[in-house]
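The values are calculated or read from the model by the stated rules, or taken from the named source; none is laboratory data. The structure presented is a predicted model; accordingly, all values stated were derived computationally and were not measured. Virtual Cβ from ideal backbone geometry, glycine too; neighbours counted across all protein chains shown. These accessible areas exclude ligands, DNA and RNA; they are computed on the full protein's heavy atoms, side chains included. Shrake-Rupley method; radii C 1.70, N 1.55, O 1.52, S 1.80 Å.
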Amino acid sequence: MAASGTPPQKQGFDERVGQVSWLKRLFSRPEFASISGAILVFAFFVLTAGDSGMFNLDGVINWAQVAAYLGIIAIGACVLMIAGEFDLSIGSMIGFAGMMIAIPSVYFHWPVWAAILFAFAGSMALGWLNGYLVIKTRLPSFIVTLAFLFILRGLTLALSIMFANRTIVSGIGALAADDWLATTLFHGEVGTSLFAWMAKAGWITALDNGAPLVKGIPKVIVWWAGLALVSGFVLARTRIGNWIFAVGGDANAAKNVGVPVKTIKVSLFVFTAFCACLFATLQVFDVGSAAADRGMQKEFEAIIAAVIGGALLTGGYGSVVGACFGALIFGVVQIGITYTNINSDWFRVFLGVMLLIAVLFNNFVRARVTEAR
């Protein structure tokens, strides 16, 4: 029984534990800024382009596909940034991986599936080399991967001129149509039977011949969703995820408690290269060709999406969910601006402003979290 004059304590209450409001917990989440930004962007386009077809099924697929392409490499960039490193060769890797698929298939008559495996193996080997050089030389990853940005872009241009005598290698689309690996995993849509049934039932728009206007969900969107789920689970629920955050927070302290810092960093460079090659593979079969200028500036767009999603440039903090919402903002704005009367030249201005706001907000949140601790 409580002593006289002493208010009874609530069961389960511990006065030694600080109570944090739900609002403060919400603000401390790394993906809060990107989710809030996405809501504002959607609200803007609902008001300015709501009746233009942007939010019809075909419009949704258009901007979702743009977001998915960026989202794939944004996930790789985000996880690597959480570990405290950068990869500026992502964009050049996209162009180079595309050539590794197209040139062997078209000019050496390799089976397309073999060219795909060759591209993934080559890209991931280059990712390993990036990580190895960063660890071995102790140079900033910014410098090492900047060098590879130019090396890979130059190789892509030189190889395309050498074999095709131009910067575009065509003909891969027709070859991919008969390849089991390309058609199963990288080319076309999923759910085509379902969409055909919905068109027949009148639930979605159909063409004059009865075929659906939207055949299905593009495989790039499926890959994006799958990669986001797996990466988010690994970061949030596994020991490897804890190691990644520890390495980005303080690599020396992480090493002292037994975290394999070198292995984690090299593995993440390999993963980033995998994401770039996946982007390239999906794009090559979607467009039907490889080009030397593919992936230009994609490294910066991926970093912007990751930063908008809450990743800190100093490492140790970030969210795959946030990076995906950052990519979604990018896709919605890039496609949505064409549905309005706004000049599309303002798109890059918007990206720059969003990046600046995201960095300022993330620094504010980090200061508040550090202060609370």
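Is there a residue in segment 86-99 that is touching a Ser or Thr at 6+ places or on another chain (Cβ under 7 Å), modelled with pLDDT under 95 and closer than 30 Å to S34 by Cβ? Yes, segment 86-99 contains a residue that is touching a Ser or Thr at 6+ places or on another chain (Cβ under 7 Å), modelled with pLDDT under 95 and closer than 30 Å to S34 by Cβ. A search for C-beta distances below 8 Å between a residue of segment 299-324 that is under 22 Å from A147 (Cα atoms) and any residue that is modelled with pLDDT of 90 or more and of a type in the set (D, E), counting only pairs 6+ apart in sequence or on different chains, returns E299/D87; G315/E85.
Tally time: how many residues in segment 199-214 are without any contact (Cβ under 8 Å) to a residue 12 or more places away in the chain and open to solvent by 80 Å² or more (accessible area, probe 1.4 Å)? Going through segment 199-214 one residue at a time, the tally reaches 5.
Among the residues of segment 325-350, those that are touching a residue at least 24 places away in the same chain (Cβ under 8 Å), open to solvent by 10 Å² or more (accessible area, probe 1.4 Å) and touching a Ser or Thr at 6+ places or on another chain (Cβ under 7 Å) comprise F325, Y339, T340. Taken over segment 257-266, the criterion of being surrounded by fewer than 18 Cβ atoms within 10 Å (Cβ to Cβ) and not in a loop (DSSP other than H, G, I, E, B) is satisfied by K262, T263.
Tallying residues that are surrounded by fewer than 19 Cβ atoms within 10 Å (Cβ to Cβ) and closer than 24 Å to F163 by Cβ within segment 125-148 yields 2. Number of residues in segment 198-236 that are in contact with a helix residue (DSSP H, G or I) (Cβ under 9 Å, 6 or more places away or on another chain) and among the charged types (D, E, K, R) equals 2.
Do we have A246 as assigned to a helix (DSSP H, G or I) and open to solvent by 20 Å² or more (accessible area, probe 1.4 Å) here?
On the way: assigned to a helix (DSSP H, G or I): yes; open to solvent by 20 Å² or more (accessible area, probe 1.4 Å): yes.
Answer is yes for this residue.
All conditions in (1) open to solvent by 50 Å² or more (accessible area, probe 1.4 Å); (2) in a helix (DSSP H, G or I) hold for G226, with the sole exception of (1). For the subset of segment 257-292 comprising residues that are in contact (Cβ under 8 Å) with a residue 24 or more places away in the chain and of a type in the set (S, T, N, Q), which member is nearest to L117 (Cα to Cα)? Only one residue fits best here, namely T281. Listed by first and then second residue, the pairs with beta-carbon distance under 8 Å, at least 6 apart or on different chains, first residue in segment 215-241 and in contact (Cβ under 8 Å) with a residue 60 or more places away in the chain, second of a type in the set (D, E) and open to solvent by 70 Å² or more (accessible area, probe 1.4 Å), are I217/E189; P218/E189; P218/D286; K219/E189; V220/D286.
Pick from segment 142-182 the residues that are of a type in the set (S, T, N, Q) and at pLDDT 95 or above: which of them is nearest to the chain's Cα centre (by Cα)?
Step one: filter segment 142-182 for residues of a type in the set (S, T, N, Q), giving 145, 156, 160, 165, 167, 170.
With the extra rule that they be at pLDDT 95 or above, the set shrinks to 145, 156.
Working: T145: 18, T156: 23 Å.
Taking the candidates together, the pick is T145.
Which condition breaks for A196 when tested against (1) open to solvent by 50 Å² or more (accessible area, probe 1.4 Å); (2) touching a strand residue (DSSP E or B) at 6+ places or on another chain (Cβ under 9 Å)? With (1) open to solvent by 50 Å² or more (accessible area, probe 1.4 Å); (2) touching a strand residue (DSSP E or B) at 6+ places or on another chain (Cβ under 9 Å) applied to A196, the lone miss is (1).
Regarding D293, is this residue outside any helix (DSSP H, G or I), farther than 26 Å from A174 by Cβ and open to solvent by 40 Å² or more (accessible area, probe 1.4 Å)? Show your work before the answer.
Numbers: outside any helix (DSSP H, G or I): yes; farther than 26 Å from A174 by Cβ: no; open to solvent by 40 Å² or more (accessible area, probe 1.4 Å): yes.
Judged against the criteria, D293 is not a match.
Taking A254, is it over 17 Å from V220 (Cα atoms), open to solvent by less than 10 Å² (accessible area, probe 1.4 Å) and in contact (Cβ under 8 Å) with a residue 12 or more places away in the chain? No; evaluated as a whole, the condition is false for this residue.
Return the only residue of G316, G310 being over 11 Å from the mean Cα position of the chain (by Cα) and buried (at least 24 other Cβ atoms within 10 Å of the Cβ). First the steps, then the outcome.
Working: G316 fails: buried (at least 24 other Cβ atoms within 10 Å of the Cβ).
Sole residue among the options that is over 11 Å from the mean Cα position of the chain (by Cα) and buried (at least 24 other Cβ atoms within 10 Å of the Cβ): G310.
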